[in-house]
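The values are calculated or read from the model by the stated rules, or taken from the named source; none is laboratory data. Quick caveat: nothing in here was measured; it's all calculated off a predicted structure. Here the Cβ positions follow ideal geometry from the backbone for every residue, glycine too, while neighbour counts run over all protein chains shown.
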């Protein structure tokens, strides 16, 4: 058993869906499953786990496939949404539960949304943060970008194995510090970000390395994240992006299928994802695509890391949602 850096949260491992999964756990009661995004870990949910557990819930947050203490298969094709949802289904079963509420942020949000879409018998409710529910469209993301003449979007930059890995792993701590700060609501400099990669200079050319960390990210927090990625590298998480077209192809059977369970969406008002071309259209379509929607909340001020930047507000929304089920 690994030692948790947070009192009250225990780290354990289990074999589920054919891989070893490490997960953090605290509390008892109805289960709530937290799925983190890129480039993060179970630790991203530290504030939520303690607060939700104190209210009478069993909180479980795995390191997702490719991250932290969970296995990272070498093959790119082992990181499809079918694999990732399969990991969550198997984890729930291995932990002796039949149902759970699933909560996801960033890349974990599509995992959570698809958990609810594909296995409504297991996932009785769903919360997505930062990334709106996006039903399968008539064309895959990468082809759509090419049709629009876009060639330097960060999703495209991540496609060639080894390129982004080399840049991020040259100095793991600095890379994470730049990513976390630049995507947060603390940035005041206009035009900074990494959605579009400049022709020269690489991923970090238009990012900021802050002189001091923002209030929501301590040196101890950065220690944990840096230690994890320093040990594992970035390839596992980046392989999720390399399955965008494969995910689109594999999900064709569910085209047009809404998510009927109780659902909620949360994002920060300064989250760059909300500026993506289709994001607001996806949110406006929620009454049709999420007929069980019980709230769509844009919190004023935070950026992409909403559950870490504004934990108290996110925790309140989550508890109100859970108590209403």
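Looking at this structure, is residue 257 assigned to a loop (DSSP other than H, G, I, E, B) and either under 23 Å from residue 139 (Cβ atoms) or out of contact with any helix residue (DSSP H, G or I) (no Cβ under 8 Å at 6 or more places or on another chain) (or both)? For residue 257, the condition - assigned to a loop (DSSP other than H, G, I, E, B) and either under 23 Å from residue 139 (Cβ atoms) or out of contact with any helix residue (DSSP H, G or I) (no Cβ under 8 Å at 6 or more places or on another chain) (or both) - is met. Checking region 153-172 against the condition returns no match, with no residue being in contact with a strand residue (DSSP E or B) (Cβ under 7 Å, 6 or more places away or on another chain) and assigned to a helix (DSSP H, G or I). Out of 249, 231, one residue alone is out of contact with any helix residue (DSSP H, G or I) (no Cβ under 9 Å at 6 or more places or on another chain), in a helix (DSSP H, G or I) and in contact (Cβ under 8 Å) with a residue 40 or more places away in the chain. It is 249. Check region 200-213 and report whether any residue there is in contact with a strand residue (DSSP E or B) (Cβ under 6 Å, 6 or more places away or on another chain), touching a residue at least 40 places away in the same chain (Cβ under 8 Å), surrounded by 11 or more Cβ atoms within 10 Å (Cβ to Cβ) and not in a helix (DSSP H, G or I). No - not one qualifying residue is present in region 200-213.
Scanning region 182-196 for residues that are within 25 Å of residue 166 (Cβ to Cβ), modelled with pLDDT under 95 and part of a loop (DSSP other than H, G, I, E, B) returns 192, 193, 194, 195. The residue list 302, 287 contains one member that is in contact with a helix residue (DSSP H, G or I) (Cβ under 8 Å, 6 or more places away or on another chain) and either touching a residue at least 40 places away in the same chain (Cβ under 8 Å) or assigned to a helix (DSSP H, G or I) (or both), which is 302. Only one entry in 120, 135 is closer than 27 Å to residue 45 by Cβ and surrounded by 17 or more Cβ atoms within 10 Å (Cβ to Cβ), namely 135. The set of residues in region 171-191 being loosely packed, with under 14 Cβ neighbours inside 10 Å and within 21 Å of residue 276 (Cβ to Cβ) consists of 189, 190, 191. Can you pull out every residue in region 137-152 that is in contact (Cβ under 8 Å) with a residue 12 or more places away in the chain and in a helix (DSSP H, G or I)? Residues satisfying the conditions are 141, 142, 143. You will find that of 325, 318, 274, the residue that is within 30 Å of residue 149 (Cα to Cα), outside any strand (DSSP E or B), modelled with pLDDT of 95 or more and touching a strand residue (DSSP E or B) at 6+ places or on another chain (Cβ under 9 Å) is 274 and no other. Among the conditions (1) without any contact (Cβ under 8 Å) to a residue 12 or more places away in the chain; (2) over 18 Å from residue 219 (Cβ atoms), the only one that residue 167 does not satisfy is (1).
Residues in region 228-242: is at least one within 19 Å of the chain's Cα centre (by Cα) and loosely packed, with under 13 Cβ neighbours inside 10 Å? No, there is no match, as no residue in region 228-242 is within 19 Å of the chain's Cα centre (by Cα) and loosely packed, with under 13 Cβ neighbours inside 10 Å. Candidates 219, 165: the one that is modelled with pLDDT of 95 or more and under 30 Å from residue 19 (Cβ atoms) is 165.
All of 267, 253, 278 fail the test of being exposed (fewer than 14 other Cβ atoms within 10 Å of the Cβ), under 25 Å from residue 79 (Cβ atoms) and within 20 Å of the chain's Cα centre (by Cα), apart from 278.
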